[in-house]
Each structure stands twice: as C-alpha cells, then as structure tokens.
1. State whether the residues of segment 377-394 include one that is farther than 30 Å from S178 by Cα, free of Cβ contacts under 8 Å to residues at least 60 places away in the same chain and among the basic types (K, R).
2. I'm checking my understanding of the structure. Among residues of segment 322-339 that are modelled with pLDDT of 95 or more and among the polar types (S, T, N, Q), which one is nearest to R371 (Cα to Cα)?
3. Mind listing whichever residues of segment 70-93 are part of a loop (DSSP other than H, G, I, E, B) and under 14 Å from D152 (Cα atoms)?
4. Restrict the check to segment 425-438 and report whether at least one residue is open to solvent by less than 40 Å² (accessible area, probe 1.4 Å), touching a Gly at 6+ places or on another chain (Cβ under 9 Å), of a type outside the set (A, V, I, L, M, F, W, C) and within 27 Å of N295 (Cβ to Cβ).
5. Checking the structure you have, find out if any residue of segment 50-68 is of a type in the set (A, V, I, L, M), within 23 Å of R312 (Cα to Cα) and open to solvent by less than 10 Å² (accessible area, probe 1.4 Å).
6. Scan segment 46-62 and give yes if some residue there is in contact with a Ser or Thr (Cβ under 8 Å, 6 or more places away or on another chain), in a strand (DSSP E or B) and either among the basic types (K, R) or modelled with pLDDT of 95 or more (or both), otherwise no.
7. I need the full set of residues from segment 295-306 which are open to solvent by 20 Å² or more (accessible area, probe 1.4 Å) and either in a helix (DSSP H, G or I) or touching an Asp or Glu at 6+ places or on another chain (Cβ under 8 Å) (or both), in order please.
Amino acid sequence: MARLFGTDGVRGVANLELTAEIALELSVAAAHVLAEAGAFGAHRPRALVGRDTRASGEFLEAAVVAGLASAGVDVVRLGVIPTPGVAHLVGQLDADLGVMLSASHNPMPDNGIKFFATGGVKLDDDIEDAIEQRMAEAWRRPTGAGVGRVSDDPGAIEAYVAHLVASLGADSSLEGLSVVIDCANGAASMTALAAFEAQGAEVIPLHASPDGLNINLNSGSTHMTSLQEAVLERRADLGIALDGDADRCLAVDHMGTIVDGDQILAILALAMREDHALHGDTVVATVMSNLGFLNAMRDAGIAVDQTKVGDRYVLEAMNANGFTLGGEQSGHVIMSEFATTGDGVLTALHVAAQMARTGKSLRKLASVVTRLPQVLVNVPGVNKARAGIDPVVNAAVSAAARELGRNGRVLLRPSGTEPLVRVMVEAETAGRAQAVADRLAEVVRDRLALEPAGR
C-alpha cells in the first residue's frame, strides 16, 4: 500500500481521495500519536487550524476540528491564512499542533492536510508513519469536560501581517515602489496586500477575489502571463506571483521578464551577506538549481550546500548546520530568522526592500545570475533503481559532462513517485542542451528499459 503522507502532507482530490472521514481519522490519530510521544506534555493540548480558499476546505476544516476536539484537543480556527502564517502562529502562540488545509499550487479540486509540531515545524517521517498506522483504530473517547473546545481567532491575520512587516526592521520603507501582486485567488489575498500597503508601497492587486472555486485558476506562480501583462500595462516596478497557500514566490521585473527562485535566492543571499546575516556565507539549494546560480554564488564567495529536490530537504540541511537562507528554483524560499517554512509574502517583501534600499531595479538585481538554458527530458517505463549504477549510463553521463565542461551540467534523477528517470542538461545554448539531453535519454531508455511482463 502506498504511503498516505507525501513529501508535503496528505493530498488528493477532495471528497474523492481526501474525504471528510479521512480528515477526521487523521486528526484523531495525530492527537493520539503526539500525546503518546510527549509532544503535549501534561497540559491540555491546543491546536491551530487554517485553510486556503478552496471550497472543499470548508468541510475538511469541519472534519479536522471535529476529530481534534473529539480527542480532547482545544482547537482555534484561524480561517483563511497562508501556510507560513499557521506555522508562525503555532510558534508565536505556543500551540501544540498546527494543521493547514491546502494543496498549494494544485488545481482547485485538490486539497491537502499538513501538520506542524510545536514551534511550527513539519512532523518527522516516523511521526507521520505512526499517525497513518493509528488511523481507524478503536480508542477511548473523552466525555463531558474532557472533550476539546472550539474557538475562532479573528486577530490571526493581523498578527501574521505584523510579523511580516516587523521582519523588515523599523527603518525600512517601500514608498515609491509600485507592485502588482498576483494572489492566485488564494490564502494571501488579504495578507500580501496588507503587508505591502503597511510599508508604503503602491499596491495593484491581481487575482485577489477568491470565491472558493478560482484558486490558482490561470493565475499565480504557475500561470504568470497575466502578471507580466499587468506589470507592463501599469508600468509597475515589479510583479509578485504567489501560489494558493502563499508558501512560494516568483517575480516579474519592470520589463515583464520572469525572475525565478534561483535569482531571488541570489538577491537575498547577497543582501544578507552584506548585513552579516548569512550564516557561514552559505546558502542551501537543491540539485536542480541552475548552473548560472551556482556560478554567481561562487563568484561572490558564497558557498552552496545542495540537497535533494524538495523544500523539506532544504530545511533539514539548514537546521542541521544553522544556515539562515535556502530555497528552490520553484520559489520556495526559507529565511530561518523569520520563518520555519517557505513564505512567499515574506520573500517578496525582502526582495522589494532590497530594491528600495539599493535604488536598483529588480532586473538589475537579478542580473547577478546569468541563467543557462536548462532542458529536462522524462524517460518513462524504465528501471529507475539502476539509474546510478548502470556502467553504460554512467559512462555516457561522464562523457557528456566532459563535453560541456564548466559551461554546462548534467543530472540524472529518478522520479520519487513514477517509474521514470529525469535527464536534466544545462548548456550555453538551448539547442546544445536539447541535443545532449536527447542523446542521454536514448541511452537511459535503451539500458534501463523494463522487462516485458511475463519474461
């Protein structure tokens, strides 16, 4: 049976794969497992529950709240709030557990459940496995005063926005900057606009009218055309693209060019190093970071600690070594001084603040990274377990790497969920990258092909 928890909580089509029954059982199991692990101490536990703007979040929230309260946990409903807002408030309010209902950048029919432990950090894999194993088990239910109480926190949004603004420092101002903010009709539709306005920016909202059905619809960080058009039409200084739960951020410069997570990470790394806030003069990134980013950091004297793909692996490396900045090309950026997870609004504020502080355009700041053309070819129907051990494949990869030299890069990566191998090649030109990637994909296809059934 496949593991219920993925790399970022439990996700599926709401009311089909992720039902109210599953949400309730997960919540009850989480309460029991965390209590037995000593996470709640001797006191009556308290959980915070937030959600994005999906219509399905309404019934899933009700199920999660019912499950927790029936297990004796007091529950505070935060309402619609970004994922990083839940993580922050769990720590700030000294709660024992946080639950976020969101499928991030996925389409509206999907939803998900993500848990945060004390301090606003994600649960360890072994705790998630224990929760999954405890689902649907018989248990002794509390009664009377033993059941959890449910309340709302109408000040949650204001508290989170205040935290975002405070992260910039008292002398920081965004006055004079015009910003188009694409909220993806998601959880940041109030927080992002409020935070930028509080700092004096001229804010032009885009896709900030959620109706429960339009989250991520042709908007946000996965559909940036309308943001590019709005920036050019309004002659704004920059555009910000968030996703449904606002844990990631991409940007658009004043000429309508997309600024990706690698470039944002480089901007922040240089700014933090200048402020002596970049611990160890090191930034954490994944193996999918563009070679142009790696070259820029090397030239600036900043080390790059590379991890597997996934923001949880970035965070693990940061926590293990005390690093203060990490992120992914997709726009998940973690600034550990202010957040325990990726925070798109926080990231956007600090990028804008660097523009205001230096007087430089986003285009100028992002130019520190000269992106190399990157081609990704998926090779399905292969034995991905042999991707790193087949001698012919390894020899082909080594030969391609020698051929590209310092101006290119090759990466073979087995998919974490599908029987396929991803071939990534970077080179000076897109044509050369495509040619090398196609050649390597053919070797992988030939050498790692699955045996036909019955043989």
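The values are calculated or read from the model by the stated rules, or taken from the named source; none is laboratory data. Computed from a predicted model, the values in this text were never measured in an experiment. Methodologically, a virtual Cβ is constructed for each residue, glycine included, from the backbone with ideal geometry; neighbour enumeration extends over all protein chains shown. Areas reflect the complete protein model, heavy atoms only, side chains present, ligands, DNA and RNA absent. Shrake-Rupley method; radii C 1.70, N 1.55, O 1.52, S 1.80 Å.
1. Here is the first cut: in segment 377-394, the ones farther than 30 Å from S178 by Cα are 377-394.
Narrowing the set further to residues that are free of Cβ contacts under 8 Å to residues at least 60 places away in the same chain leaves 378, 380, 385, 388-394.
Still in the list and also among the basic types (K, R): none.
Within segment 377-394 (the criterion being farther than 30 Å from S178 by Cα, free of Cβ contacts under 8 Å to residues at least 60 places away in the same chain and among the basic types (K, R)), the answer is no, since none of the residues qualifies.
2. T324
3. Kept after step one, since they are part of a loop (DSSP other than H, G, I, E, B), are these residues of segment 70-93: 71-73, 81-82, 93.
Selection gives I81, L93.
4. Yes, segment 425-438 contains at least one residue that is open to solvent by less than 40 Å² (accessible area, probe 1.4 Å), touching a Gly at 6+ places or on another chain (Cβ under 9 Å), of a type outside the set (A, V, I, L, M, F, W, C) and within 27 Å of N295 (Cβ to Cβ).
5. Going residue by residue through segment 50-68, those that are of a type in the set (A, V, I, L, M) are 55, 60, 62-66, 68.
Okay, now just the ones that are also within 23 Å of R312 (Cα to Cα), so none.
No.
6. Yes, segment 46-62 contains a residue that is in contact with a Ser or Thr (Cβ under 8 Å, 6 or more places away or on another chain), in a strand (DSSP E or B) and either among the basic types (K, R) or modelled with pLDDT of 95 or more (or both).
7. Residues satisfying the conditions are N295, R298, D299, G301, A303.
Yes/no per residue for (1) farther than 20 Å from H32 by Cβ; (2) touching a residue at least 40 places away in the same chain (Cβ under 8 Å); (3) charged (D, E, K, R); (4) part of a helix (DSSP H, G or I):
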| residue | (1), (2), (3), (4) |
| --- | --- |
| G98 | no, yes, no, no |
| A103 | yes, yes, no, no |
| M108 | yes, yes, no, no |
| G112 | yes, yes, no, no |
| D126 | no, no, yes, yes |
| D129 | no, yes, yes, yes |
| E132 | no, yes, yes, yes |
| E137 | no, yes, yes, no |
| P142 | no, yes, no, no |
